[in-house]
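Have a look at the structure below, then the notes.
The values are calculated or read from the model by the stated rules, or taken from the named source; none is laboratory data. Worth saying up front: this structure is predicted, and the values here are computed from it rather than measured. Note that each Cβ is placed from the backbone with ideal geometry, even for glycine, and that neighbours are counted across all protein chains shown. We work out accessible area using only protein heavy atoms, side chains counted, and drop any ligands, DNA or RNA first. Shrake-Rupley method; radii C 1.70, N 1.55, O 1.52, S 1.80 Å.
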Amino acid sequence: MREEDLQLALQMVDDNEGETAPTSPGNSPKPLRKTRVMDISERRKQFRRTRSLNAPSPFQQFGPCGRIMKNSAMVMQIQDPASQRLTWYKPPLTVLVIKKVSDASVLAPFVQLVTWLLQEKNMVVWVESAVLEDSQLNEVAQFRDIRDKLVTFKDGRDDLTDRIDFIVCLGGDGTLLYASLLFQQSVPPVMAFHLGSLGFLTPFRFDSFQEQLTSVLEGHAALTLRSRLRCVTHRKSDKRHQSKHVDADPDDHLNAAHKSILVLNEVVIDRGPSPYLSNIDLFLDGKYITSVQGDGLIVSTPTGSTAYAVAAGASMIHPSVPAIMVTPICPHSLSFRPIVVPAGVELKISVSPESRNTSWVSFDGRNRQELFHGDSLRVTTSIYPMPSICAQDQISDWFASLADGLHWNVRKRQKCLDELSDLTASGSEDTFDEFENLKLYDV
């Protein structure tokens, strides 16, 4: 609620308390709500209350003496996720279209979408350079007519920062992970159409893409700000690391030491090809927490909590919840359960000095590399989330994905008591009839 609305509400309460309560003939006080209902209803029209997705602000005084220490340097403004809606301060002109690779079923929707964006919306359409080399796509006559109008880029060579206004994904969840990899700072709004396998992060259906895209381009859409993790690898010996990667791909995002990478789902540290248990030390804000002895560790965002983490036994967290989930992979302990920590902490993961082997780390399933003894990985929440456009709203989209993608809480319905009583009654009558028949047979 805004500050002026809060002051108005407090004034209403003061006015009510300051008035003398009218009495009935029997000297019983009449309810103030009945006498003031018209006045209050009129004042309430001046402001509107909405149900916030944020937790209510806690009362900061505890008992007669205790309270939270005020620190002006730590004031933080948190916007209600329910009020996060897309707006364009200028019309979007450039759009990046990402399609699922090696899938013939996506070719026709891709050509249809790109043609519509070029001809109907007069937008500049960007695609990956590998798209123009697709032999199946080049066999489509309609695509050959628009091929020269497309702007191309190459992953790892061309920087797309501040060059793309809008992103459209055609495929599965992997297309959103690829979009996150391409934009390692601010990400343009992403609209994802479900043309893949699972489609947990792709809420839109392609059947009516013209109407849906037109509505979004006009600024009529809710947003889910999907937090990302900032991961930085620190090497004990940069020379040893460089010697191990002499023949590495020059386009690799992690060749440079201490270079950060942002992930949308999770960062996974595992034992790799070694037959021994991983022995990984976990620190939180510089304090030692525990050692992970097992197959590895998953550090995931709330978006990633429904991916690898949920398969490892973690809980599912709504993407608007500011948190980081830490999930062990097959820990050799009966009491090591997944934990959720605040989004603002920094996690440090390192190979334990007592470990028999090294560890391996991967970022959203990509850029897999080895962690040696003395190396460490630092993970915290990035300031650059991914703005994912909702088909309905943040709550409806997420529970629809749980039901459609993971079949969450699917079970046969329990019969009501009326049905059970009918079955019991019919069973009793059948038993009585059989008993009568037996009596007649005996006679």
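Okay, which of region 202-239 sit inside 16 Å, backbone N to the point 7 Å along the Cα-Cβ direction of Gln142? Zone members listed by number: 206-211.
Shown in residue order for region 273-290 are the 3J(HN,Hα) couplings computed by the Karplus curve 6.51 cos²θ - 1.76 cosθ + 1.60 at θ = phi - 60°: x, 6, x, 8, 5, 6, 10, 10, 8, 10, 10, 10, 6, x, 9, 5, 9, 6 Hz (x for Gly and Pro). Between amide H atoms placed 1.01 Å from N, distances below 5 Å from Leu371 occur with Ser359, Trp360, Val361, all of them 5 or more places distant or on a separate chain. From the alpha carbon centroid of region 294-314 to that of region 340-375 is 14 Å.
Each peptide in 184-194, 394-404 receives the mean, over its residues, of other Cβ atoms within 10 Å, and ordering these scores from highest gives 184-194, 394-404.
Here the Karplus relation 6.51 cos²θ - 1.76 cosθ + 1.60, evaluated at θ = phi - 60°, turns the backbone of region 164-170 into coupling constants of 10, 8, 7, 10, 10, 10, 10 Hz, with x for every Gly and Pro. Please compare each pair in Lys99/Lys259; Lys259/Lys348; Lys100/Lys149; Lys90/Lys121; Lys90/Lys259 to a cut-off of 23 Å on the Cα-Cα distance and tell me which ones are over it. Lys99/Lys259; Lys90/Lys259, as the Cα separations exceed 23 Å there. Couplings 3J(HN,Hα) of region 302-319, computed from phi: x, 4, x, 5, 9, 10, 4, 4, 5, 5, 8, x, 7, 7, 9, 10, 5, x Hz, in residue order, whole Hz [Karplus 6.51 cos²θ - 1.76 cosθ + 1.60, θ = phi - 60°; x for Gly and Pro]. When all protein chains stay in place and ligands, DNA and RNA are ignored, the 1.4 Å accessible-area order of Arg226, Arg337, largest first, is Arg337, Arg226. In terms of overall dimensions, the C-alpha atoms belonging to region 145-212 reach 32, 31, 19 Å along their principal axes, ordered largest to smallest.
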